[in-house]
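Undergrad: Quick one: structure below, then a few questions.
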Amino acid sequence: MGQNGYTGIFGIALAVVLSLLATDRGESHPAHAKPVKYPFVVGFERFYTNLDTPDHLATGGLILLNELNCVACHAPPEHLKSTLTGRPGTRLDGVADRFEHLDLEMMVRNPRFVKTDTIMPSMFSGPDRDLDEIDSLKHFLSTLKEPVKKYPEGDIEAGKLLYHKIGCVSCHAPELDYRPPWVPASVEMNLTSLPSVPMNLADRYPREVLIDFLLDPTKHRPSGRMPKFDLTEKEAIDIGTYLNATPKPELPEQLQNALSKAYPFQPDPERIEKGRELFASKNCVACHSGIVEAESLSSKPLGDLTTDAKGCLSDRPPGGGVPAYGLDQLQKRSIIEALKRIQETKVETPEQEVDWILSSRNCYSCHERNGKGGPEAAREVFFTVNNPDSLPNGKWAAYPPILDKVGAKLTDRWWQKSLYHHGGSGSIRDFMALRMPIYRPEDLGKLESHLKSLDEMKAEAIEGGDAEAGAELVGFDGKNCVACHGIGDLPPPGVVSVALNETVDRLTPNYFYHFLKDPQSIHPEIPMPNLELSDKEISDIWAYLSEIEKHPLPDGLLTPDVTEIKPNKQPEVARVLLENLSQDAIAIGFPGGVNFAFDIEKSALISRWSGRFIDPGAEPVKPLGDLDTDFQEIPLNDRYKGYRIGPDTVTILGEKQIMTISQDGAEVIEIKE
């Protein structure tokens, strides 16, 4: 064979490279996580197994038909066209900046040589492959270059910290044996069991190209599988430097020298032109647009395909221009079940479409809705906070919000901000380290409108409120909202939760009413207490929040010169971390100088002290008075649901019991059915 064969020194070099690619280069680094050896489709991996019914697998098969872009060649039935829209392939502008010519050749011949989990099929792995065509395509692709920006050196350790902190490990593998600095040595770190989205090109890309990708993934991969994360350039440089800082597979020096002499690469104009023609005739244009202007070629519609595991579903590459995907048996079975039902299958209800979008976009890796999804247990340790004062809120401080009733929750303006950053960022949880990705409207389709229709709540009017009365209710001498919720730059004295100043801009009035009326009816485990507000009180608070900038700040917020809480007219409450007493306490102070601490995890009144109450601005927070060392714990024997503040008492609410606390002590009462 001549220049286009794989004999001689080049054949040896190719064999060595493939061997090095298959060699374990250390699986500790995320880029070297144990690879999967079939097309990895994230929306399919978590929720479909061999134990599932054929009907359920058929739904997974639809996801595969869409995510593998089968519909680029096989038109879906009319009733599924709005669902099976396919995913465009990677933008190939600049591909020659990403890969050396040998990598380009292997990607054309069989992409799995370079990326074992790729969803890109091979057109040349069959017995009739034409090595001359492979070589011509390589020559053409080697001309696709773009200017590459030069970036300064990055900080590997800073990149490692960011990678494990801001949400990358929700989808991708954490570094093996990495213990985040916020995880105590006593906490056992478990291995993840759910499949991680592979990224074994991260250390093959030049660092500058990888950084550019991290800054705007959809510019390079318009499918939108990886959304934008609003990284600063410095953050992208650090993460890119970390991901790129791994041992690279290299040929022995002697072989490198021999290869460069035996097989020097210089793009050939004739081969470039032939490769351009092949790019169209081999139907590469069906997935990769914008490179060659040509109509994509169509094959049989999905409804006319047989289900006999031939063609694209064959166990071995069939050749003859048929793509070879390397599907595993579960994927093939699911696609076959989907094809059997393709004429009658519909994804038409809002609930089905919402689940489709949340699955295909892997929103379930972070968010839970109707009991489905949420972070994998082994990854929970990587969800943390920027502000330790929010820690007593537990998962509500570190995890993304549960999406139950979210359709009724957000205003139209806030939907645009939170999903697409239209009109600014929709982030209101600065205490949370995790970041919400930025999507494009075409990524999420009708998600917003479907959620609104699914999550409708009974309409309740909020009108005619008294803003001044609302300001008093929000303050310490009212319902004490400022115990947990700050306003603007002024923090609360207790646990840091969502600030109040953007409430009206963010929440619909109807959701606000239902949430304040009974928080646990929307999220049973939310730490927000049920304050048993009347309709009038809810209207007053809404009126105040609607014109919050026109009124003086309510009493109780921490200011630089006032941080100690001094109970005056009625009991004061603050949810805090109390040194040596409780990691999550409700501190309760009475005007008479008697104070208590209720531990939420234990669900028990654990401590009493006399004199001054607490100073939430202090480090650490601890009782300022004299502890009663003879105090005996008083258990609630029930799951904590919230608290209620009265003129002279504070009531801790459980599901079947309540604990009424006054300065004279505490009493536990059974709730009558």
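The values are calculated or read from the model by the stated rules, or taken from the named source; none is laboratory data. Source: prediction; values computed, not measured. Positions of Cβ are backbone-derived with ideal geometry, glycine not excepted, and every protein chain shown enters the neighbour counts. When the accessible area is computed, the model is the full protein with side chains, heavy atoms only, and any ligands, DNA or RNA have been set aside. Shrake-Rupley method; radii C 1.70, N 1.55, O 1.52, S 1.80 Å.
Undergrad: Label-point separation (nm) for His79 and Ser296, each offset 7 Å from Cα along Cα-to-Cβ?
TA: Placing both labels 7 Å beyond Cα along the Cβ direction yields 2.4 nm.
Undergrad: If you take the beta carbon distance between Ser427 and Glu233 as r and set R0 to 25 Å, what does 1/(1 + (r/R0)^6) give as a FRET efficiency, to the nearest 0.05?
TA: 0.85
Undergrad: Over the chain, with every protein chain in place, what whole percent of the accessible area is carbon and sulfur at 1.4 Å, could you tell me?
TA: C and S atoms contribute 51 percent here.
Undergrad: Let me know the volume per residue of the alpha-carbon convex hull for the chain, in Å³.
TA: Given the Cα convex hull of the chain, per-residue volume reads 187 Å³.
Undergrad: Run the numbers for Glu547 and Lys602: contour at 0.36 nm per residue of separation, minus the present Cα-Cα distance, in nm. Mind dumping the intermediate values first?
TA: Details: separation 55, 0.36 × 55 = 19.80 nm, distance 3.99 nm.
Here the segment from Glu547 to Lys602 would lengthen by 15.8 nm.
Undergrad: Turning to a different aspect of this structure: Sorted by average packing, counted as other Cβ atoms within 10 angstrom per residue and highest first, what order do 581-590, 516-525, 655-664 take?
TA: 581-590, 655-664, 516-525
Undergrad: At q = 0.13, 0.17, 0.23 Å⁻¹, what log₁₀ I(q)/I(0) does the stretch 529-600 have when each alpha carbon counts as one equal point scatterer in the Debye sum?
TA: Summing over Cα pairs of the stretch 529-600 leads to -0.56, -0.90, -1.15.
Undergrad: Which value, to two decimals, describes the C-alpha radius of gyration of the stretch 541-670 once divided by 2.2 N^0.38 Å?
TA: On the way: Rg = 15.4 Å, N = 130, 2.2 N^0.38 = 14.0 Å.
The reported ratio for this selection is 1.10.
Undergrad: Another question, then. So between Thr49 and Asn370, what do we pick up on full extension, going 0.36 nm a residue minus the alpha carbon distance?
TA: Length gained, Thr49 through Asn370: 113.5 nm.
Undergrad: While we're on this one: Of all GluC sites (Glu not before Pro) in the stretch 128-236, which ones are in loop regions per DSSP and have a Cβ with at most 10 other Cβ atoms within 10 Å? Walk me through the numbers on the way to the answer.
TA: Details: sites: Glu133, Glu153, Glu157, Glu175, Glu188, Glu208, Glu233, Glu235; in loops: Glu153, Glu175, Glu188.
Here the GluC sites (Glu not before Pro) that fit, given the DSSP loop and packing criteria, are Glu153, Glu188.
Undergrad: What ³J(HN,Hα) values, in whole Hz, does the Karplus curve 6.51 cos²θ - 1.76 cosθ + 1.60 give for the stretch 36-45 when θ = phi - 60°, with x put for Gly and Pro?
TA: Each residue's phi maps through the Karplus curve to give 8, 10, 8, x, 8, 10, 4, x, 9, 4 Hz.
Undergrad: Provide, as a two-decimal number, the C-alpha radius of gyration of the stretch 469-628 over 2.2 N^0.38 Å, N being how many residues it has.
TA: Computed over Cα atoms of the stretch 469-628, the ratio equals 1.04.
Undergrad: Another question, then. Quick check for you: with a 1.4 Å probe and neighbouring chains kept, what is the accessible area per residue of the chain, in Å²?
TA: Result: 47 Å² of accessible area for each residue.
Undergrad: Same structure again: Evaluate the distance, in nm, between pseudo-label points positioned 7 Å from the Cα of Glu157 and of Gln632 along their respective Cα→Cβ axes.
TA: That separation, rounded to one decimal, is 5.2 nm.
Undergrad: Over the Cα atoms of the stretch 65-211, what Rg and Dmax result, in angstrom?
TA: Considering the stretch 65-211 through its Cα atoms, Rg and Dmax are 19.8, 60 Å.
Undergrad: Same structure, new question: Okay, which of the stretch 489-515 sit inside 15 Å, backbone N to the point 7 Å along the Cα-Cβ direction of Asn386?
TA: 489-491, 496-499
Undergrad: Using DSSP to call loops (not H, G, I, E or B), can you name the trypsin sites (Lys or Arg not before Pro) in the stretch 149-216 whose Cβ has at most 13 other Cβ atoms within 10 angstrom?
TA: Details: sites: Lys149, Lys150, Lys160, Lys165, Arg204, Arg207; in loops: Lys149, Lys150, Arg204.
Listed in order of number, the matching sites are Lys149, Lys150.
Undergrad: List the residues whose amide H sits under 5 Å from the amide H of Asp628, counting only those 5 or more places along or on another chain, with H placed 1.01 Å from N in the peptide plane.
TA: Under 5 Å from the amide H of Asp628 lie the amide H atoms of Arg608, Trp609, Ser610, each far enough along the sequence or on another chain.
Undergrad: Simple spin-label model, 7 Å along Cα-to-Cβ: Asp328 to Thr306 in nm?
TA: The two pseudo-label positions are separated by 2.8 nm.
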